[in-house]
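This report concerns only the one structure given below.
The values are calculated or read from the model by the stated rules, or taken from the named source; none is laboratory data. Being a predicted model, the structure only gives us computed values, none of them experimental. We place every Cβ from the backbone using ideal geometry, glycine too, and count neighbours over all the protein chains shown.
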Amino acid sequence: MKVLLPDSVTLAPAPIADVTYVTYDVKNSLPAEHHDAEVLVAWGNPRAQLQQLARDLSRLRWVQGLAAGPNSLLTAGFADDVIITSGRSLHDTTVAEHALALMLAAARKLHLMRDAQHNKRYPKELGGVQPVDPAGKLTSLRGARVLIWGFGSIAKALAPLLVALGADVKGIARSEGTRAGFPVFAERDIEQHLPHSDVLVMILPSTPANHHALNAERLDLLPNHAWLVNVGRGDTVSESMLVDAINQGMLAGAALDVFETEPLPDTSPLWELENVIISPHAAGGRPRGASELIATNVRKLLAGETLANVVDRAKGY
């Protein structure tokens, strides 16, 4: 069995009998001699190349994506009988770290300090003697009420970090229950929890059901001192409504790693808002444990077992 590995990341899956690993160039056409591959691993592939691979790989049985979200694979045109698996869990620690960094930056006003630095201004108002717990402001994660919308494996990595800093953490998911020791409420009840949140962290996948899940009505339910942190997918937030909410003082600010259009167009009003922190889809990008996941799933495929992280095409995740 031939397995195609992308050259966009260093991979070294364990050798397996009767399995040949071939590294391919994600920026160029795949040589015809490898069109007989049965397995394709995808990471950082341009959309056009994925579409071409979907046409050329006539013996393809399975596509292993290394991204947490399978959106690019679902729209590439792979045949319905081709199994698609995602890189869910490969980005848990890096995305959790980035989300935490964005929250700390927002609470400690690092973005304003950086702006002042670029203007060679010493922002005395941001240092020196400060109120311990000023009402109506997010200045610390200690005692902050953090609501994580999309309580999956990334949230399970993030929540303990927040608790270690003194935050009170709750989750929102499709179904209610206790996950990793944290209370998680059903998505249908999110309106009850938004008014009691100082930070809303969104880690939602891009699906038709999640499109603009955070809209004007839900933004209006958040306290005006609250911050939004989005490390999921950009289209889960209505950017125009978010801009309106910040401009009208209904929301204190937003720290965003993902956007409806990427790269973020220079015409976006988000660039001009003082209390918006922009990072360039940098939370993930480092699939830790990818080689192990690939080898595990190759063994499962050979044994006729169910693969890890199989994507439900109808649901989009």
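So if I check each of A105, A101, which one is among the hydrophobic types (A, V, I, L, M, F, W, C) and touching a residue at least 12 places away in the same chain (Cβ under 8 Å)?
Details: A101 fails: touching a residue at least 12 places away in the same chain (Cβ under 8 Å).
The unique qualifying residue is A105.
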Does any residue of segment 179-188 turn out to be more than 28 Å from E292 (Cα to Cα) and either assigned to a loop (DSSP other than H, G, I, E, B) or aliphatic (A, V, I, L, M) (or both)?
-> yes
Exactly one of A173, A135, A155, A116 is of a type outside the set (S, T, Y), touching a Phe, Trp or Tyr at 6+ places or on another chain (Cβ under 9 Å) and without any contact (Cβ under 8 Å) to a residue 12 or more places away in the chain, and that one is A116
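Taking the criterion of being without any contact (Cβ under 8 Å) to a residue 40 or more places away in the chain, in contact with a Ser or Thr (Cβ under 9 Å, 6 or more places away or on another chain) and surrounded by fewer than 18 Cβ atoms within 10 Å (Cβ to Cβ), would at least one residue in segment 41-48 satisfy it?
Scanning segment 41-48, I find at least one residue that is without any contact (Cβ under 8 Å) to a residue 40 or more places away in the chain, in contact with a Ser or Thr (Cβ under 9 Å, 6 or more places away or on another chain) and surrounded by fewer than 18 Cβ atoms within 10 Å (Cβ to Cβ), so the answer is yes.
Counting only residues that are at pLDDT 95 or above and crowded, with 21+ Cβ neighbours inside 10 Å, give me the strands (runs of 3 or more DSSP E) lying completely in segment 205-317 with at least 3 of them. Give the steps one after another, and end with the answer.
Numbers: elements: 227-230, 253-256, 276-278.
Once the strands (runs of 3 or more DSSP E) in segment 205-317 are filtered for at least 3 residues that are at pLDDT 95 or above and crowded, with 21+ Cβ neighbours inside 10 Å, what remains is 227-230, 253-256.
Any residue in segment 147-155 that is at pLDDT 95 or above, part of a helix (DSSP H, G or I) and surrounded by 23 or more Cβ atoms within 10 Å (Cβ to Cβ)? Outline the logic, then answer.
We begin by selecting, within segment 147-155, every residue at pLDDT 95 or above; these are 147-155.
The next check asks that each one be part of a helix (DSSP H, G or I); those that pass are 153-155.
Filter once more, keeping what is surrounded by 23 or more Cβ atoms within 10 Å (Cβ to Cβ): 154-155.
Within segment 147-155 (the criterion being at pLDDT 95 or above, part of a helix (DSSP H, G or I) and surrounded by 23 or more Cβ atoms within 10 Å (Cβ to Cβ)), the answer is yes, since at least one residue qualifies.
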